[in-house]
Amino acid sequence: MNHSSDRTTIPCTECQAGQMHRNYVAYFTWLGDELITVPDFPAWVCDVCGRREYDPYALNQLNLLLNPSAGKAAQHKRKIHQQIQKAKKGPRPSRP
């Protein structure tokens, strides 16, 4: 992962005095009763008040990974596809 800081800054939405710089920080969240930690998570951090705004794309990707039903829709579609393929082939001829 590239840890070089982006030169782009945006005004802080919290203190209005500082500038928010893209940085990589530790991210913590609860998943049920489990504490999940993600090192080197992209965020915008204010140089005055320290406010953090996590990268929305990275948050979306993390939510997809932590979603308990992640991958289940694809498995379900695969099963349906297999059932359709079997139905197209028709019943197997019975043996005498």
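For the reader, a short list of remarks on this structure follows.
- Scanning segment 21-33 for residues that are out of contact with any Phe, Trp or Tyr (no Cβ under 7 Å at 6 or more places or on another chain), closer than 15 Å to N63 by Cα and in a strand (DSSP E or B) returns F28, T29, W30, L31.
Yes/no per residue for (1) closer than 30 Å to Q16 by Cα; (2) loosely packed, with under 10 Cβ neighbours inside 10 Å; (3) in contact (Cβ under 8 Å) with a residue 24 or more places away in the chain:
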position	(1), (2), (3)
G32	no, yes, no
L35	no, yes, no
D40	yes, no, yes
V48	yes, no, yes
R51	yes, no, yes
L59	yes, no, no
L64	no, no, no
S69	no, yes, no
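- Selection count where residues are closer than 18 Å to C15 by Cβ, part of a strand (DSSP E or B) and not acidic (D, E), scope segment 39-53: 5
- Given (1) modelled with pLDDT under 70; (2) under 27 Å from T8 (Cβ atoms), number of the condition N60 does not satisfy: (1)
- If you check I36, I80 for being out of contact with any Gly (no Cβ under 7 Å at 6 or more places or on another chain), among the aliphatic types (A, V, I, L, M), assigned to a strand (DSSP E or B) and at pLDDT below 95, only one passes: I36.
- Filtering segment 40-52 to residues that are among the acidic types (D, E) and either modelled with pLDDT under 95 or out of contact with any Phe, Trp or Tyr (no Cβ under 9 Å at 6 or more places or on another chain) (or both) leaves only D47.
The values are calculated or read from the model by the stated rules, or taken from the named source; none is laboratory data. Note that the structure is a prediction, hence the values are computed from the model and not measured. Neighbour counts run over all protein chains shown; Cβ positions are idealised from the backbone, glycine included.
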